[in-house]
Amino acid sequence: MRGRIGPASRFRRGRRLSTDTRCGVGAVLLTLWPGRTWPPDATDANLGRLSNVIYLDHNATTPIAPEVLEAMMPFLTTEWGNPSSSYRFGSNLRSAIARARGQVASLIGASPSEVFFTGCGTESNNAAINAALKAAPEKREIVTSAVEHSSVLNQCMALEREGYRVTYLPVDRNGLLRVADIESAITQRTAVVSLMWANNETGVLFPVEMIGCVCRERGVLFHCDAVQAAGKLPVDVRQVGADYLSLTGHKLNAPKGVGAIYVRRTAPFSPLLHGGHQEGGRRGGTENVALIIGMGKGADLARASVAEYAGRVRSLRDMLEGGITERVPDSEVNGDKAFRLGNTTNISFKGVASDALLLLLDGEGVCASSGSACLADSDEPSHVLRAMKPETGGSREAIRLSCGITNNEVEIQSAIVTVELAVQALREVGMASGGTC
Ligand code: PLP
């Protein structure tokens, strides 16, 4: 054990909350941990001890690998020039960017000329859909799914307001998509099919190779959001048959604020950001050299860690999921168990509010989330779980735990016990989900 997970008694069992104290999870924390203040501030010792954190939220973001930081450092210190400059200073940077482009291309089986850097996965998704629509202005329809990341869903909703017709394909109770539904949704007016490879909340995989085949047969452009898949699964753009594929640095042990997009050599592309001739005129703006170098290095490391995700990380996830569901009554795994990422589990705890549970876990140093990190500060229930199990209204009783290469068995065993005790404590204080406060 890491030595910081407190004894079971920290979750004061049997303490009942009065109705008015149930009006917020902060109040529950106060009741459970007398002597602490709410909201916690920077001086709170528990929040400061990052080295003691059990980080189980790798689908939200990943820690920067030391090798990545080391590769970036020269470009934050001595190599600070502008890559567009004609003197040597510039050409050195251009070579470094070219190397990073090659590293990202190798991760996904593309040629370097088909990869360009963006500011994030969100931008890559927006740029791909935008490019497909611009290429065929007469085609006013988009096919996507109800469980995409908000960067695709919110762009599609904005496009609907501009008069585009969007089909949001349903998924079944396990989060799986039927290829037949895609076939019947495509019409003569479909400009692009945009579907994710791996779901960020449940890890459930879509059959991207089959989707690629369908799109090719029907002559429709295919955009694949591979932000969660890359680095966790082998990704080969030729096999997938995607015209566009999105990636982001911060899921690859590289920094936030850099992404990449693959654009197949024959696929149409017009930039989202108009500006200088950077990135071959496909994305204006002076390149963020250090972050690009970091993403390149992250992609390089990810090629080696794919096997670890398939083996060791998958075993840790199985241990975590098995341990929790065995020890916690009325817990249920959301998402198809066979067809999903090896690192992710999404578990509902009947009658337990996920935001309260997450706060208790945070207090014990276990980092998890209730779904997409981008929506963590919204009150919205999960659109992914709502699409899978409409009768739950998008459960507020589920948490996502996502393992990564830095986790180990000791952490997983600690996390199992912590989740068990936290759920038990919340059930005992009657912190039911869906309260009226
Ligand atoms: N697509 C998926 C599936 C994601 O999980 C995320 C981020 O979590 C994104 C896109 C957006 O990536 P970024 O945070 O780099 O904008």
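Taken over region 107-254, the percentage of Cα pairs per 5 Å bin, counting from 0 up to the bin with the maximum distance, is 2, 10, 21, 25, 22, 14, 6, 1, 0. Net charge in the neighbourhood of PRO112 (other residues with Cβ under 14 Å of its Cβ; Lys, Arg +1, Asp, Glu -1) is +3.
May I ask for the net charge around ASP172, where only other residues with Cβ less than 15 Å from the Cβ of ASP172 are counted and Lys, Arg are +1 while Asp, Glu are -1? Neighbourhood net charge equals +3.
Judged by the mean number of other Cβ atoms found within 10 Å, the most tightly packed of the peptides 262-273, 352-363, 184-195, 225-236 leads the ranking 225-236, 352-363, 184-195, 262-273. Taking GluC sites (Glu not before Pro) across region 101-185, the ones in a DSSP loop with at most 10 further Cβ atoms lying within 10 angstrom of their Cβ are GLU138, GLU162. Distances between placed amide hydrogens fall under 5 Å for GLY259 paired with THR118, GLY119, CYS120, GLY249, all partners being 5 or more residues away or on another chain.
Here is the result for region 67-129: no trypsin sites (Lys or Arg not before Pro) lie in DSSP coil with at most 12 other C-beta atoms within 10 angstrom of their C-beta. Computed from Cα atoms alone, the Kirkwood hydrodynamic radius reported for region 233-370 is 18.4 Å. Under a no-solvent Debye model with one identical scatterer per Cα of region 312-367, what's log10 I(q)/I(0) at q = 0.19 Å⁻¹? Per q value, in the given order, log10 I(q)/I(0) is -0.76. Within the shell defined by Cβ-Cβ distances under 15 Å, the residues around LEU133 carry a net charge of +1, with Lys and Arg each +1 and Asp and Glu each -1.
Values in this text are rule-based calculations from the coordinates and carry no lab data. These figures come from a predicted structure and were not determined experimentally. Heads up, the Cβs are rebuilt from the backbone with ideal geometry, glycines too, and the neighbour counts pull from every protein chain shown.
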